[in-house]
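Nothing in this text is a laboratory measurement; each read-out follows from the coordinates by a stated rule. Note that the structure is a prediction, hence the values are computed from the model and not measured. Every residue, glycine among them, receives a Cβ derived from its backbone with ideal geometry; neighbour counts consider all protein chains shown.
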Amino acid sequence: MNVLIASDSYKDSLSAFEVGEAARKGILSALPSANVENSPMADGGEGTLDALLTCLDGEEKEVKVHDPLMNIVIARYVVLNGDTAFIESARSSGLPLVPFEKRDPMKANTYGLGEQIKDAILSGYRNIVISLGGSATNDGGVGMLQALGWRFYDEDGEELGAEGNPLLKTASFSDHERLPGLEECSFTIASDVTNPFHGEKGAAHIFGKQKGATSEGILELDAGLVRLASLLDKAYGIDVQHVAGSGAAGGLGGSIVAALKGVLQSGVETIMELTGLEEKVMQADIVFTGEGSLDQQSLMGKVPVGVAGLAKKHGKKVIGIAGRIDTDLAEVNQYLDAVFSIQTECRSLKEALRGEVTREQIQVTVEQIVRLLKD
């Protein structure tokens, strides 16, 4: 029997690779002769680089950049196939880089992401894939563009520095000094966020609070995004407000689409394509997938549904495992043949999230599933 494990991570517990290895042990305990492949998955957010490095022969690059508060940090990106740079924006602009008490999108920017992109371009890479997720910022990508040579000005025509959030004072910009080589590059955005640039469902109103913005701050950030959208439309003829996903990562999606001519693509589809998952599915008899919580949000472009789509395309049985599952599974079962919670007894959340506990529960649950299936 050929078994494929293509799981996302269990947030705050195990990486996608660790989930797969625990499942592998369970499968082999029940069926020692099974051929098991662990192909870790991600949807473009935190953990994406690790998943890619596990599946592919990529090369990691290190670069000194600025974090959202302009402190120097070391960020990594991965070079694939010798010509594609995969950049995880959270490595330079993510919430984990900012202490909880200092989180405030009114003071944060994406300059560090621009520095990552600049390093990749100066190193000769022309295919740039950027995953958006987990950002601490809401600057509409202004900081990123500053690092790439754009100049932004306030209402008095004074050039804005890179400190704080330059979006709040942006009244005009110039791209005449943008980094040479940009026009030779193709940019792909890996993201499953479909929010518009601004408005009630836009970047500031939907994601600002979780990044530390006050109610008043959200209104100010949204007004800044409205102004920036108008400037981008005037300069590049693209109304980012009507581009689904332009609100990703505090508006980064919109600026990459307009200023860098980027193309938005589903995060999980991007990772499945890069790791050659479809071919692996074709070789499998059974596919296991999962994430920390299998629920209604799983239907919105998450790993389990993406993997299940490929499995169904090729007539393969697909089984979901998770730390918790919703009791209302009618919609989920349209994609997965069955889903199982790994919980074997009552535990506190803190205890359940312990890596060794999760690891053992995955192994036990998967072993029992395979014992049933093998006959």
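Near GLY161: Cβ cut-off under 12 Å, other residues only, Lys/Arg at +1 and Asp/Glu at -1. The net charge is -2. Remark: relative contact order (the chain) = 19 percent; criterion is Cα-Cα distance under 8 angstrom and separation of 6 or more residues.
Running a GNM on the chain with Cα contacts under 10 Å, which residue among LEU349, LEU28, LEU274 ends up with the highest mean-square fluctuation? Among LEU349, LEU28, LEU274, the largest GNM mean-square fluctuation belongs to LEU349.
The alpha carbon convex hull volume per residue for the chain rounds to 141 Å³. When the alpha carbon coordinates of segment 73-125 are projected onto the principal axes, the ranges are 40, 15, 14 Å, largest first.
Label zone (ALA171, point 7 Å along Cα-to-C-beta; backbone nitrogen cut-off 20 Å) within segment 227-243: 227-235. By the count of neighbouring beta-carbon atoms within 10 Å, fewest first, ILE319, ILE27 end up ordered ILE319, ILE27. Note on ASN127 and GLU62: their simple-model spin labels are 2.7 nm apart, each label 7 Å out from Cα toward Cβ. Of the residues SER89, SER172, SER341, the one with the fewest other Cβ atoms within 10 Å heads the list, and the complete ranking is SER172, SER341, SER89. State the antiparallel share, in %, of DSSP beta bridges confined to segment 48-267, rounding to the nearest 5. Taking every DSSP beta bridge with both residues in segment 48-267, the antiparallel ones total about 55 percent.
Taking 0.36 nm per intervening residue step and subtracting the Cα-Cα distance, what contour gain separates SER230 from MET1 on full extension?
Contour length minus Cα-Cα distance gives 76.7 nm.
Students often get this wrong, so check it: of LYS201/LYS234; LYS118/LYS312; LYS211/LYS312, which have C-alpha atoms separated by over 30 Å? Pairs exceeding the cut-off: LYS118/LYS312; LYS211/LYS312.
Taking Cβ atoms as reference points and 9 Å as the exclusive limit, the residues near SER13 contribute a net charge of +1, counting Lys and Arg as +1 and Asp and Glu as -1. Could you work out how far helix 248-259 tilts from the main Cα principal axis of the chain, as a 0 to 90 degree angle to the nearest 10? Long axis of 248-259 versus the principal axis of the chain: about 60 degrees. Which distance in Å, rounded to a whole number, links the C-alpha centroids of segment 174-215 and segment 156-170? One Cα centre to the other: 17 Å.
The modelled label-to-label distance between ASN333 and ALA244, using points 7 Å beyond Cα along the C-beta direction, is 2.8 nm. Rounding to the nearest 10 and keeping the result within 0 to 90°, find how far the Cα-based axis of helix 303-313 lies from the longest principal axis of the chain. That helix lies at roughly 60 degrees to the long axis. Computed on the Cα atoms alone, the convex hull of segment 273-375 gives a volume of 119 cubic angstrom per residue.
For the chain, the longest principal axis of the C-alpha atoms and the axis of helix 16-30 are separated by about 10°.
Which loop trypsin sites (Lys or Arg not before Pro) in segment 33-132, with loop taken from DSSP, have no more than 15 other Cβ atoms within 10 angstrom of their Cβ? Answer in residue order: ARG126.
For segment 145-266, taking the reciprocal of the average inverse distance between every pair of different Cα atoms yields a Kirkwood hydrodynamic radius of 14.6 Å. Across the chain, the longest piece that holds none of the GluC sites (Glu not before Pro) lying in DSSP loops with up to 11 other C-beta atoms within 10 Å covers 1-154. When both bridge partners sit in the chain, DSSP labels roughly 35% of those beta bridges antiparallel. Fewest-first ordering of THR358, THR48, THR54, THR214 by other beta carbons within 10 Å of each residue's beta carbon gives THR214, THR54, THR358, THR48. Projected label points at ASN35 and LEU373, each 7 Å from Cα along the beta carbon direction, are separated by 1.6 nanometres.
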